[in-house]
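Engineer: Here it is, the structure in full.
The values are calculated or read from the model by the stated rules, or taken from the named source; none is laboratory data. Because the structure is a prediction, the values reported are computed rather than measured. Note that each Cβ is placed from the backbone with ideal geometry, even for glycine, and that neighbours are counted across all protein chains shown. Please note that ligands, DNA and RNA were not included when accessible areas were found on the heavy atoms of the full protein model with its side chains. Shrake-Rupley method; radii C 1.70, N 1.55, O 1.52, S 1.80 Å.
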Amino acid sequence: MKGSSTVAEAGPENGNVRDDEARAEYVYQLVLEGIVSGSFAQGSRLRERELSDMYSVSRIPVREAIQRLEQDGFVATFPRRGAVVRQLTLTDVNELFDVRLCLETFAAKEAAARVAEGGDGGRLGELMEASKAAIDEDRTDDVVLISAELHAEIVRLSGNRLLMESVKPLFGRMRWIFGLAHNRSNELQREEHTQLCNAILNGRPELAYSLAYSHIELGREPVLAGLAETLEP
């Protein structure tokens, strides 16, 4: 997330394309974080003027950020109501797990293959240890955040740039949904993460694929169960 100094440097008076993009990205990240953290609740309105005042930018980057959030599935726009934070459904959650099974298993296999060829898995090892520490110390918020970072690092380690771009909204959805309900033993997650990361770091593509698949699929039912009473089908 870019700091406020970036926005100040890219203020409306400068008016070039790069600054416009920087402001829109800045607002996008802040609003996305607000949605994921629950500061902007599901169904709440996102008023351009209020966000413009909140982040000290013009309404143009706010509008661009909201359009991008709508494209990424976090916001919906309605006549006379404007932009609102989407109401998640159980179908959304199921679809997230379906897509993860397609993309993240491929990423894990490719990441292990790259490590076997000499790729650097150092960052993945660091995140594995950070995840263990967060779970051992019962830092719930950090567990969710580091878990998302760990999965994102596996995708990065795959070396597939198109995949990296494609999964960015996916990991935002993961943090959003897992922040609402996880309902699964953190200790079990720690063990699964350790096995998956070790398979990648040891350069074993087929094992990494299988472990990624089971890790994702085993997480589906507890999350659905945890959200069954709060989300519509």
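Engineer: Per residue, what accessible area does the range 76-116 have, given a 1.4 Å probe and all protein chains present, in Å²?
Structural biologist: On a per-residue basis, the range 76-116 sits at 47 Å².
Engineer: What residues qualify as long-range amide H neighbours of Leu46, i.e. H under 5 Å apart, gap of 5 or more or another chain, H built at 1.01 Å from N?
Structural biologist: Under 5 Å from the amide H of Leu46: Ala83, Val84, Val85.
Engineer: Right, something else. Suppose only helical runs count, i.e. DSSP H with n ≥ 4. What mean residue ellipticity at 222 nm does that imply for the chain under -39500 (n - 2.57) per run, divided by all residues and rounded to the nearest 500 deg cm²/dmol?
Structural biologist: Calculated from helices alone, the mean residue ellipticity at 222 nm is -24000 deg cm²/dmol.
Engineer: Within the chain, what whole-number % of the accessible surface is contributed by carbon and sulfur, with the 1.4 Å probe and all protein chains included in the calculation?
Structural biologist: Carbon and sulfur: 48 percent of the exposed surface of the chain.
Engineer: At a threshold of 8 angstrom on Cα-Cα distance, excluding pairs fewer than six apart, so keeping six or more, what relative contact order does the chain reach in percent?
Structural biologist: 23
Engineer: Here is a further query. Can you tell me which of Arg23, Arg190, Arg49 moves the most in a GNM of the chain? Springs connect C-alpha atoms under 10 Å apart.
Structural biologist: Fluctuation is largest for Arg49.
Engineer: OK, next. Out of the range 135-201, which GluC sites (Glu not before Pro) are coil in DSSP terms and have no more than 10 other C-beta atoms within 10 Å?
Structural biologist: Qualifying residues, ordered by number: Glu137.
Engineer: Extension gain Gln71-Asp142, at 0.36 nm per residue separation less the Cα-Cα distance, in nm?
Structural biologist: Taking 0.36 nm per residue and subtracting the Cα distance, the gain is 22.8 nm.
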